[in-house]
Amino acid sequence: MNSQFGLANAWSQGDIVTKSVALLLLSMSLASWIVIIIKTLDLIKYKKISGAAEAFWYSPDFASGLTKLGLDPGNPFRQLALEGREATLHHLNTQAQLHNSLDMSDWVTRALRNAIDEFTAKLQSGLAILASVGSTAPFVGLFGTVWGIYHALLSIGAAGQATIDKVAGPIGESLIMTALGLAVAIPAVLGYNALVRGNKGVLQKLNRFAHDLHAYFVTGARVGTGGLTNVVPMKKPNI
């Protein structure tokens, strides 16, 4: 026997506004879950990559270090190493240009910072969707609740009596919209907070790697090695 209450009845009895609000909440939920799943998979990948980045410093030379970082063009640690190398070579091999007013340290810092900024923007893409869903979904659900209660009161007024059996159903169906709004918002907020924390951990490791790369390209040794490193220092190529 079909129940006169519940989601199915609320949908069948709802007007165009109620159904539009329900569809909007559904689309917001799907969007947030898609972002959460995709960004979580990316975060897991980057954490694995960051764990393997330490092997770079135990390579016999720079080329071998790049090989240990892998060939994935989406590897931010590999891209950082490449950007630092290109900036160093460019500074060594060009003369009489505006950037020569910067010393080697400032020039490499600029290149590494630009690479980190680009990766940060990529890492944080999609988080705005979660923030928007988390902040607006409860109000969308509340709008659906207010609209449903309004129509329930109109029906009660038209019937001329407000017995419990006539009030409980319409009011309960209206409150379902509030519950749906919260059901959409809570995962979005939790997912946003978890991804922000995860992203911060990856960026901390990337910044630490960039700091070591900067010291390597400028001085030939990694920070904290006391001038000793297994990576062959970069030399000015013959031109």
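The values are calculated or read from the model by the stated rules, or taken from the named source; none is laboratory data. Quantities reported herein were computed from a predicted structural model and do not represent experimental measurements. Methodologically, a virtual Cβ is constructed for each residue, glycine included, from the backbone with ideal geometry; neighbour enumeration extends over all protein chains shown.
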Requested in this report: Could you figure out which of (1) at pLDDT 80 or above; (2) over 19 Å from residue 204 (Cβ atoms) isn't true of residue 92?
Outcome: (1)
Query - Selection from segment 209-225 of residues that are at pLDDT 65 or above and either within 30 Å of the chain's Cα centre (by Cα) or not aliphatic (A, V, I, L, M) (or both) - result: 209, 210, 211, 212, 213, 214, 215, 216, 217, 219, 220, 222
Report task. Filter segment 196-221 down to residues that are polar (S, T, N, Q) and in contact (Cβ under 8 Å) with a residue 60 or more places away in the chain and give me whichever is surrounded by the fewest Cβ atoms within 10 Å (Cβ to Cβ). Result -> 207
